[in-house]
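Single-structure report; data block below.
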Amino acid sequence: MKGNCSAQQTKDMISNLPEPILSRIVSLLPLEDAIKTTSLSKKWLNVCTSLTNIEFDQVKFERWARGKRQFKDFVNQTLVLHGGLDIDKFSIYIDIGAISMSNVNSWIYFAVNHNVKEVDIAGYYGYFEKLPCCLFTCGTLRMLTLEYVNLQLPTMVGLPKLKSLKIKFVRFFDENSTAQLFSSCPLLEELVISNCCFKDMNVSCIVEISSPSLKSVTVLSFYLPPVKISTSNLCNIRYYGNPPEICLETLSSLSNVDFEFTSPLRIYYTRASAILMGLQNVVRMVLRGCFIELLSRNEGSSARLPTSCFSLEYLQLDVKPSKEQVQVVILLLRNYPNLKHLRISVKEPTRRLNLHELWQGQAEEGGQLEEGSSMDILDHLKTVDVESFGGSKIELDLVRYLLKNANILEKLNIIYSGKNGKKDDVSRRSRINEEISSFTKASLSAEISFS
C-alpha cells in the first residue's frame, strides 16, 4: 500500500507540472513516444494536441510499431488529435512507393493550413510526384527542404517569407522552373542545390541565381546546365561542378568561398581565372579539385591572377606537385600578403622537381619570381598544414622553402600518406622526418608535427 501511494504521488507530481514544462518534455521526445503519453491523463492528451514540431519518419515508426499498425493510420490519427495551434516545423520522411501522393498532399495541406514555418519533405525508393500547389504559395513558410522530388511547379508561385531553400535530388521538368522558383522568394538568404538535374538532360538553358537578398549559396551538382550567379549581398559560396559564371559585384561581396571544379578542360580557364581575380575581399578561400590545374594551363597565368588581396587569411589548395602548379601556388602566396593559415593537399606524386629549378625556369621564361623576393611574402604565415604528404623531392623542397621564409611560423603539420605498418615504409618515414627536422627555420619557435 505504501509503495502504491508513493508511485501514485510520483505520477501526480509529474502530471501536475505546469503545461509549459510538460510541453517542453513532450517536445523533446520522438513523436511516437510523445503520442504514448496521451494514455497517462487528459492533461497529457492536451499537451500532445498542442505540439508545434511534428516529424513523421516511416523507418523509425516501423521499427517502433513492428507491424502493429500502419504508418498512414498513425499519421492521420496524430493530425486528428492535433489542436488548432500553428505548426513551427513539419517533416515527413517516407517510403514513396508505400504511400499514395493523395495522402502525402493531404498531410502537407494540413501543415500549410496551420501556418507552418518550416517544411522538410524527403523520400526514398522513388521520387515524389506533383506536390500540392498550396506548398508553393504558403505565406508563412520560412524554410523549405525538398529531397527526391519531381518538381512540377504550379502556374502561380509565391513564397514571400521564405529565407532558406534546400533542394536535393530534385528533377526539374521545365527549363524555366528554376527561375520561376528562385524569383518567387524575395527574402531568400540561403540556397542549397545538391545533386539536382533537369529531366531532359539535353535542355539548353542557364540556371540563373539572382535573388538580391541571398547571403549563402551551395551548389553541388555535376549534372546542371551552366550556372550564372548575379547577386550583390552574397557572403558565402560552396560550389562543386564546372566553373560557373559569377558577376564581378558578386565576387567582390564574397568573404568565404569553397570551389571544387570537376573538369580540367582548358575552355574553363577564363572563368576560373576571372573568379580568382574578382575575389578582392575574401577572408577564407578553398580551391579544390581542378582549380589550380586550370590556372596552370595558361602560359601567362601570372597575368590572370589577382594583383594583391590583403583580406585573405586562410587558403586551402588541392595541388599536384608539377612545375606549372607549384608556380601557380607561389604566385598566389605572393598575392596574399596577409595570409595566416595555408593548407595544402597533395593529390598525386609526379616527377621530381627541385624548387631551385623552378625559380630558374621562371627566370628563363620571363617570370619575376626570385627566391630573394619571397622574403616579404610569408611574413604573416603562422600555420601550415600539408596533407597526403608523400615525401617526394619536390614536396620536401616546398616544405624547406616554407620553413626558410615563414618568419613567424608557429606550427607546421605534415600528414604522411605512406603505407602504415609496413617495415620498409616505417624506415622511410623516419628518414623523411629526420630530413625535415634538419631544415633551416626562419622562425625558431616553429613546431613541426609529422604524423
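The values are calculated or read from the model by the stated rules, or taken from the named source; none is laboratory data. Keep in mind that this is a model prediction, so the values were computed, not measured. Don't worry about glycine lacking a Cβ; one is built from the backbone with ideal geometry, like all the others, and counts go over all protein chains shown.
Would you mind stating whether Ile415 is assigned to a strand (DSSP E or B), in contact (Cβ under 8 Å) with a residue 24 or more places away in the chain and not assigned by the TED database to the domain that holds Ile330? Yes, satisfied. Set side by side, the residues Gln77, Gln8 differ, and just one is within 27 Å of Thr140 (Cβ to Cβ) and either at pLDDT below 55 or more than 33 Å from the chain's Cα centre (by Cα) (or both), which is Gln77.
The set of residues in the range 73-89 that are surrounded by 13 or more Cβ atoms within 10 Å (Cβ to Cβ), of a type in the set (D, E, K, R) and not in a loop (DSSP other than H, G, I, E, B) contains only Lys89.
Do we find a residue being closer than 19 Å to Gln327 by Cα, at pLDDT 90 or above and surrounded by 15 or more Cβ atoms within 10 Å (Cβ to Cβ) anywhere in the range 405-426? Yes, the range 405-426 contains a residue that is closer than 19 Å to Gln327 by Cα, at pLDDT 90 or above and surrounded by 15 or more Cβ atoms within 10 Å (Cβ to Cβ). Does Val26 qualify as being at pLDDT 80 or above, of a type in the set (Val, Ile, Thr) and under 28 Å from Gly123 (Cα atoms)? Against the criterion (at pLDDT 80 or above, of a type in the set (Val, Ile, Thr) and under 28 Å from Gly123 (Cα atoms)), Val26 does not qualify. If we scan the range 239-256, do we find a residue that is under 26 Å from Val149 (Cα atoms), at pLDDT 95 or above and β-branched (Val, Ile, Thr)? No, the conditions are met nowhere in the range 239-256.
Summed over the range 105-141, residues that are in contact with a strand residue (DSSP E or B) (Cβ under 6 Å, 6 or more places away or on another chain) and over 21 Å from Cys196 (Cβ atoms) total 2.
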